[in-house]
Every structure is written in C-alpha cells, then in structure tokens.
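No value in this document is a laboratory result; all are computed from the given coordinates. Quick caveat: nothing in here was measured; it's all calculated off a predicted structure. Reconstructed Cβ throughout: ideal geometry from the backbone, glycine too, with neighbour counts over all protein chains shown.
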Amino acid sequence: MEHSKHIAVVTGAASGIGKSTVERLLAHGWSVCALDISEDALASHAAELQVGDRYWHHKCDVSSHDSIKLSFAAIRRRTDKVDALVCSAGIVRPGSLEEQSVEDVDRMLAVNLKGPWLTTKEALPMLRNRSDVDHPSRVVFLGSIAGIRPKVGGGFYGASKAALHVITGVLAVELAASGVLVNAVAPGTVATPMVEAMSKPGTGYQVSGESPLGRIAAPDDIVDVIMFFLSDAARYVNGTVLPVDGGTRAAFVRP
Ligand SMILES: NC(=O)c1ccc[n+]([C@@H]2O[C@H](COP(=O)([O-])OP(=O)(O)OC[C@H]3O[C@@H](n4cnc5c(N)ncnc54)[C@H](O)[C@@H]3O)[C@@H](O)[C@H]2O)c1
C-alpha cells in the first residue's frame, strides 16, 4: 500500500495494537515517534527494532496534559510536522457499577477519553503543517465494540469508548476545513496483553469468545484498518467509527 504521509506519533506504542502499528508503519517506510507510560517496554522494543533514526520514543502518560506537552516539546525538536497520530493507549478496569471504585472510573476516563483528546490538541499544530483539504493529515483513535454494544462488568470502560466515539465525530467536523481527518477503529476482542490480563480468573470480567468468523482478532487485523485510515484510499473518509469485530455485534447468537 502506498502512503503519501511519513511521520507518525503513536500512543500506547509499547504493547498490543499500538506496538504492532509501530512495526507496520516502520515496515512501510514511515518514521515513528512512540509514546507510552511504560518506559521499560519502549526501551526493550527499541532494542529489537533496527531502523536507525526512523524510530524514537518518549515516556508519556496520556492522562497528564503536562506529560503530553513535554513529549510534544521533544517531538518538535526533531520535526515541525506530524502526518498521523494514532491513539492506542488505553486501560480496562473491570467491575460492576455497584462495586467499581471511583479511582478506577477516573483513571479510565482520564486515559481512554481525555488522553486521545489532549494528545490530539497538542499534536494539532504539527498535524496542520503541510496538510490541506486535498492532502489531509490523519488522526485514528482506538474505540471499542464495548462502546457500541456495552457489556456487564465493563460499564465505564464501554462508556469511556462510547464517549470517545462521540469525540471522533465532533473533532472530525471541527478539523475538516483545516485538513485533518479523524476516524476511529472499534475492535472486538483482540489477542493482546490487555486481554491476557483480563482473562485471568478473579478479574470479574468475562472476555468475549471467538467472533462469528471462528476466532478472536489478531493485532494485525486491527492494524490493517488503521493503515487504511492512514492511506490515500481513505482521503474522503472522516468522522467514522468502524467496527472491526468479525461481525460480533451484528446479531446476538442464541444457543
Ligand atoms: N485488546 C482488545 O481486545 C481491545 C478491544 C477493543 C479496543 N481496544 C483498545 O485498543 C487500544 C490498545 O489496546 P491493547 O489491547 O493493545 O492494550 P495493551 O494493554 O496491550 O496496550 C496498551 C498500551 O497502552 C499503554 N498505556 C496505558 N496507560 C497509558 C497512559 N496513561 N499513557 C500512555 N500509555 C498508556 C500501556 O503501557 C500499553 O503499552 C486500547 O485503547 C484498548 O482500549 C482493545
């Protein structure tokens, strides 16, 4: 796939979907700035990648505006433009609405909802540089099927993603005239460390099983769609939330 864009910032870049996105972008010739709260995981990924100065990374907590500002100050020392922002940082804190702690709810909203918004705000001046309505830069959020078909035990996780879907549409319209397209991928269950952690007994959360396609998603199933949103083929696609769930949400299966 040919891409006309070349510098991307990826959050949640040290694990799962974010990490696979970084690897795919690098394989397609992009330069990538990887942001994640886990500095150790970023450093060990950096050691595996052999792409020279096309990859660099910063510790960044997307729930903290100050931390995001510091990361973008560092990015601005290397480049004055960013062609794409992929916001994959996210957390799940399972629990019933009766038992869920206020701290867990605050943290999910801070990371999953405010995080992508604050990161986009900070990236905007660089996203606008050299973009116009005919050559738009791109923002891709990681939403979730949980924000479309909510689940018991994941009430506030789903609410954080549903709200992110709303933000996707509003940002897309607000930014359209300045040449920035905003879309979201809404995955079903994906085999990542997040899901491994939730599948352990005692989490109080029932991870969905395989989709109608007979398996859960691999990170690359999601990355393919992220790459579509970043490609020239998606130059007129804006403000969409695209389910990538093998059809899970399309109809209930009754035994
Ligand atoms: N795996 C799934 O089944 C699934 C399904 C739907 C949506 N999603 C969404 O996709 C995104 C990626 O999920 P994943 O499965 O790859 O998860 P993951 O846990 O494997 O990776 C998430 C990454 O985000 C980082 N992170 C967490 N809090 C952060 C913070 N405050 N600041 C910066 N980085 C932070 C983690 O360190 C980790 O590297 C998330 O937004 C998630 O909600 C995942």
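The range 200-250 and the range 46-124 have their alpha-carbon centroids 20 Å apart.
Send over the semi-axes of the range 7-250's equivalent ellipsoid, whole angstrom and largest first, taken as the square roots of 5 times the C-alpha gyration tensor eigenvalues. Semi-axes (√(5λ), whole Å): 27, 20, 18. Sorting 6-16, 98-108 by average packing, meaning the other beta carbons within 10 Å per residue, from highest down gives 6-16, 98-108. Placing unit charges on the Cβ atoms only, positive for Lys and Arg and negative for Asp and Glu, gives the range 41-128 a dipole magnitude near 580 debye about its Cα centre. Each Lys and Arg adds +1 at its Cβ and each Asp and Glu adds -1 at its Cβ; summed about the Cα centre, the range 7-250 shows a dipole of about 380 debye. Identify the residues of the range 239-255 with backbone N under 16 Å of a label point that sits 7 angstrom from the Cα of Q206 along the Cα-to-Cβ direction, or state none. Once the point is set 7 Å along Cα→Cβ of Q206, 249, 252-255 turn out to lie under 16 Å by backbone N, inside the range 239-255. Here the range 99-188 is treated with +1 on each Lys and Arg Cβ and -1 on each Asp and Glu Cβ, and its dipole about the Cα centre works out to around 180 debye. The residue list V223, P201, M126 was ranked by how far each Cα lies along the charge dipole of the chain toward its positive end, using unit charges on Cβ atoms, and M126 comes out on top. Once the chain from L213 to A47 is taken as fully extended at 0.36 nm per residue, the excess over their C-alpha distance is 56.2 nm. Each of D53, D245, D40, D221 has some number of other Cβ atoms within 10 Å of its Cβ, and from fewest to most they run D53, D40, D221, D245.
In the chain, helices alone account for a calculated mean residue ellipticity at 222 nm of -11500 deg cm²/dmol, with every DSSP H run of four or more residues adding -39,500 (n - 2.57). Beyond 21 Å in Cα-Cα separation lie the following of the pairs K59/K200; K59/K114; K161/K200; K121/K161; K81/K121; K19/K59: K59/K200; K161/K200. Among bridges DSSP assigns within the chain, what percent are antiparallel (round to 5)? The answer is about 5 percent antiparallel.
Fewest-first ordering of L175, L49 by other beta carbons within 10 Å of each residue's beta carbon gives L49, L175. Projecting the alpha carbon convex hull of the range 59-114 along each direction and taking the average yields 4.6 nm².
Considering only N129, N112, N183, the Gaussian network model of the chain with Cα springs below 10 Å gives its largest mean-square fluctuation to N129.
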